[in-house]
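Taking it in order: structure first as structure tokens, then the write-up.
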Amino acid sequence: MRPEIFCLLGFAALASASCDRQKAAEPQGGGPETNAAAPDSAGYPTGRLDRSHAGSAAPAVEFDDGEGEPATLPDFRGRPLLVNLWATWCAPCVREMPSLDRLAAQQSDSGVRVIAISQDLEGRQKVTDFFARRRLAALEPYLDADMALMTALRIETLPTTILYDAEGREVWRMTGMAEWDGERARRLLGEAGRVR
């Protein structure tokens with residue numbers, strides 16, 4: 001079945017702050033290292049922080065870069081990397097994209113590299129059109145139409161955002177949406193070093 005079937009659009013999706021790829025998956029982590037943040041400034045719940053994968057190497061799974069060429073997460077080693085897995089059909093994903101784009105602009109010179117990798121099955125044009133309509137200028141439209149990264153990273157929920165250090169080791173992951181240009185995000189990104 002298509003993953004968008006399991007995404008609850010509208011109020012229900014925003015209230016849960018995530019879209020499930022499959023039915024009722026348990027939240028990742030769940031131990032003392034996992035926590036959910038307070039609601040964002042609009043009153044919607046924010047993502048759940050998970051440190052249970054800390055130290056894991058970024059998988060060398062191929063996806064398409066902004067030009068449609070093959071890329072892997074290890075290609076980005078050398079500076080911290082924030083990877084956002086999202087889809088155009090996922091309401092919480094769409095809601096957090098403007099703040100992710102602002103973060104990418106703030107960090108563009110020497111901070112964390114920010115990439116958003118769409119899990120849309122309909123191809124590059126759908127994602128490119130979405131970026132144009134939303135005027136997302138700092139992010140590039142990366143695409144993983146086979147959802148290979150979601151599988152490799154054992155992700156069941158969108159959006160999920162993962163911070164890697166400069167060596168390509170996972171620092172933490174956030175399941176659900178977040179305000180990426182706020183104070184909480186700045187503190188969390190600082191855990192990878194070299195963050196403004």
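A few points about this structure:
- Each of the peptides 143-151, 60-68 was scored by the mean count of other Cβ atoms within 10 Å over its residues; in descending order, highest first, they stand as 143-151, 60-68.
- Computed FRET value (nearest 0.05) for residue 146 with residue 191, which takes r as the C-beta separation and R₀ as 25 Å: 0.25
- Remark on the stretch 37-189: hydrodynamic radius 15.3 angstrom, per the Kirkwood mean of 1/r across alpha carbon pairs.
- Set of the stretch 151-184 residues, backbone N closer than 19 Å to the point 7 Å along the Cα-Cβ line of residue 57: 151-154, 163-172
Just so you know, all these numbers are worked out from the coordinates, no wet-lab data involved. For clarity, every value in this text was computed on a predicted model and none was experimentally measured. In this analysis, Cβ positions are derived from the backbone assuming ideal geometry, glycine residues included, and neighbour counts consider all displayed protein chains.
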